[in-house]
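Engineer: Attaching a single structure in structure tokens format; questions to follow.
The values are calculated or read from the model by the stated rules, or taken from the named source; none is laboratory data. This structure is a prediction, so every number in the text was calculated from the model and none was measured. Cβ sites come from the backbone with ideal geometry, for glycine too, and all protein chains shown count toward neighbours. With ligands, DNA and RNA removed, areas are computed over all heavy atoms of the protein, side chains included. Shrake-Rupley method; radii C 1.70, N 1.55, O 1.52, S 1.80 Å.
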Amino acid sequence: MLRVREFSIGGALMLLILVTWLVNPSFLDDQGIKDLLLNSSILVLLATGQSVVVLTRNIDLSVGSVVGLTAFACGSFVSGTDHSPVTVVLLGIALGTVCGLVSGALVSFGRVPALVVTLGMLYVIQGLDHAWAHGEQINATNVPDDVLTLGSGSVLGIPYLPILSALVLAGTAYYLRAYRSGRELYAIGSNPEAALLAGIPIRRRVLAAYAFSGAVAGFAGALWLARFGTVVADAANGWELTVVSAVVVGGIAITGGVGTVWGAALGALLLTTIGSALVVLKVSSFWEQAITGALLLAAISTDRVVRSRSTRALRKRRRQ
């Protein structure tokens, strides 16, 4: 079933690219492909981190604000200095991990609903960011060239950002598939009560999932600075819903326990391509939000129908 879903998303993505290319051949020229890869890189990263949280039957609505905070913090740290890109990335990951640990501790040990915790974290982080920035912004002229090269450089014609996103995606997929603790995240999302009876440390696993999501968001914040150079306090504002949409559209059940990060990455690519295609086709950006919302509703409805049919099929087998 998962393979069918990912195949369907991949087919829709290829069809969209083909139609857009037929209308405007420049959509797939060298610069068009490069822009598509760069635009989707950060969303793929965030979708990877969000997937791990959603698999445990939780959600992280603070990822957009974490990106904004870490991007501004990293920009302030390197502004007018010669700090290396490695230092910037490590700072972003560390700051994002702290944010993830706070949310994870409140959800797993405080037993506060994830929606409430992460929505509160979103507003707290946005408030801190605005209070810190005081309306100022980080300009690209103050960011070291080595850091900007991380966002604009390439190897063999492939930009660094999609390469880094692919490495994180592949590593996460391998961990979820090959490690026992990764499989336990699926068990927690599928049936928390059964997972507890099986001796799975649910609280620690959920805490780790949030820490990972925060770390990935912090990494994305550092890459945001490298990609755009100029950063304001509300960078990535509103991205949390786009990230959740990418994950759900990619086949990860919002109720947890089902899906793969590969599907989430395809969902992120599909949403990014829709946005780019609408620009090429000179369609209002309003339709991007409308299409994203429609895809989210369709994905959730499909998931509910599939789950209901699977449950009925299992009950029928037991009776036989």
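Engineer: Return the Rg/Rh value of the chain, two decimal places, where both radii are evaluated on C-alpha atoms and Rh is the Kirkwood radius.
Structural biologist: 0.98
Engineer: Please calculate the 1.4 Å probe accessible area of GLU136, with all protein chains present, and give it to the nearest 10 Å².
Structural biologist: Its heavy atoms expose roughly 120 Å² to the probe.
Engineer: Let me check something: with ligands and nucleic acids excluded, how do HIS134, HIS83 order by accessible area (1.4 Å probe), largest to smallest? Let's see the in-between values first.
Structural biologist: Values: HIS134 150, HIS83 60 Å².
Per-residue accessible area, sorted high to low, gives HIS134, HIS83.
Engineer: In bins 5 Å wide, starting from 0, what share of all Cα pairs of region 136-181 does each bin hold, as a percent?
Structural biologist: 5, 18, 16, 14, 14, 12, 10, 6, 4, 0
Engineer: To continue, here is another question. Give me the percent of accessible area attributable to carbon and sulfur for the chain, probe 1.4 angstrom.
Structural biologist: Carbon and sulfur together cover 64 percent of it.
Engineer: Taking the alpha-carbon centroid of each part, what is the distance from region 146-188 to region 74-137 in angstrom?
Structural biologist: 20
Engineer: For SER154, what residues show an amide H to amide H distance below 5 Å, using hydrogens built from the backbone and excluding near sequence neighbours?
Structural biologist: Here TYR160 satisfy the definition.
Engineer: Continuing with the same structure: Cα atoms only: what Rg and Dmax, in Å, come out for region 181-320?
Structural biologist: Radius of gyration, then largest Cα-Cα span, for region 181-320: 18.6, 64 Å.
Engineer: Now a separate question. Using only the alpha-carbon atoms of region 9-48 as identical scatterers, what base-10 log of I(q)/I(0) does the Debye formula give at q = 0.15, 0.30, 0.31 Å⁻¹?
Structural biologist: Debye curve over Cα of region 9-48, log10 I(q)/I(0) at q = 0.15, 0.30, 0.31 Å⁻¹: -0.41, -1.00, -1.00.
Engineer: Could you list, bin by bin from short to long, the percent of Cα-Cα pairs of region 6-161 in 10 Å steps?
Structural biologist: Here the calculated profile for region 6-161 is 9, 28, 30, 24, 8, 0.
Engineer: Given the C-alpha centroids of region 215-270 and region 1-61, what is the distance between them in whole angstrom?
Structural biologist: Taking the Cα centre of each part, region 215-270 and region 1-61 sit 11 Å apart.
Engineer: Let me ask you something else. For the chain, the longest stretch holding no trypsin sites (Lys or Arg not before Pro) located in a DSSP loop with at most 12 other Cβ atoms within 10 Å is which?
Structural biologist: Longest gap between qualifying sites, sites excluded: 112-281.
Engineer: For the chain, what does the accessible surface come to per residue with a 1.4 Å probe? Please give it in Å². Provide the component values of the computation, followed by the final result.
Structural biologist: Details: 15820 Å² over 320 residues.
Value for the chain: 49 Å² per residue.
Engineer: If you don't mind, there's one more thing I want to ask. Can you give me the span-like helices of the chain, meaning DSSP H runs with 20 Å or more of Cα extent along the axis and Kyte-Doolittle mean at or above -0.5? Let's see the in-between values first.
Structural biologist: Working: long enough: 2-23 (32 Å, 1.60); 30-55 (36 Å, 1.11); 63-78 (22 Å, 1.80); 85-108 (33 Å, 2.02); 114-133 (28 Å, 1.29); 160-178 (27 Å, 1.21); 202-228 (39 Å, 0.92); 261-280 (28 Å, 1.95); 286-319 (50 Å, -0.35).
Helices meeting the criterion: 2-23, 30-55, 63-78, 85-108, 114-133, 160-178, 202-228, 261-280, 286-319.
Engineer: To the nearest 500 deg cm²/dmol, what mean residue ellipticity at 222 nm is calculated for the chain from DSSP H runs of n ≥ 4 alone, each contributing -39,500 (n - 2.57), summed and divided by the residues?
Structural biologist: -26000 deg cm²/dmol
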